[in-house]
């Protein structure tokens, strides 16, 4: 079982809709959870992180965390064509200072105009 | 906030040739530094990480090596490239808080 799993997609949504991206993780020692956006040919860009169960909102983005279900999601409201990208979920697992993240393979989002 | 520089941006090298990719970080001190590789259409593979000058940990045994000669400089090297070394090489840092930040990357094609 992969440590961080994401549906590869593509997830296709119409412009203005809510895009829902999901991620599950296997290690219950996971502390922090991150969402990155990666445009084709570019490096990943950190867009949100969440530590505690519940929701965290930042503009059009909402991250949701459920540690009991080992599930983290990213909602994008009012999706725009410029949101079309691959979204990477990453998890920080308790360690001794390495502070490395474990990444999922990403979900490709397509927002149709 | 930190800024990560990587060069070169693109590189085409023949099989068996050496490699040197450089990463420098501005705006932070004593960061953790990382080298990742992303093959076409694939996820991020952690290659090396460093918690300080001269301290390198390897995640995947292969023909690559890394060095950290200065606090904010991280170098990825190879003596002889393989075709399988092609990919998008990303340097990242954790400046001290949460999150990992990536440089612009080097796209390497081994022919």
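Taking every pair of distinct Cα atoms and averaging 1/r, then inverting, what Kirkwood hydrodynamic radius in Å comes out for segment A:30-83? About 12.0 Å for segment A:30-83. Label separation (residue A:7 vs residue A:68): 2.4 nm, computed from points 7 Å beyond Cα along the C-beta direction.
Globularity index of the protein assembly as shown is 1.03 (Cα radius of gyration / 2.2 N^0.38 Å, N = number of residues).
In plain terms, the chain from residue B:3 to residue B:109 could stretch by 35.6 nm, reckoned as 0.36 nm per residue minus the Cα-Cα distance. Among A:26-37, B:6-17, A:65-76, the peptide with the highest mean count of other Cβ atoms within 10 Å heads the list, and the full ranking is A:26-37, A:65-76, B:6-17.
Take the Cα of residue B:80, step 7 Å toward its Cβ, do the same at residue A:75, and the gap between the two points is 5.6 nm. For chain A, the C-alpha radius of gyration divided by 2.2 N^0.38 Å, with N the number of residues, is 1.03.
Placing a pseudo-label 7 Å from each Cα along the Cα-to-Cβ vector at residue A:45 and residue B:53 gives an inter-label distance of 3.5 nm.
GNM remark for chain B: springs join alpha carbons under 10 Å apart, and the peak mean-square fluctuation among B:36, B:101, B:89 falls on B:101. Alpha-carbon geometry of chain B: the Rg and the Dmax are 13.2, 40 Å, given in that order.
Laboratory data are not the source of any read-out in this text; all were calculated from the coordinates shown. Keep in mind it's a predicted model, so treat the numbers as computed, not measured. FYI the Cβ positions are ideal-geometry reconstructions off the backbone, even for glycines, and counts take in every protein chain you see.
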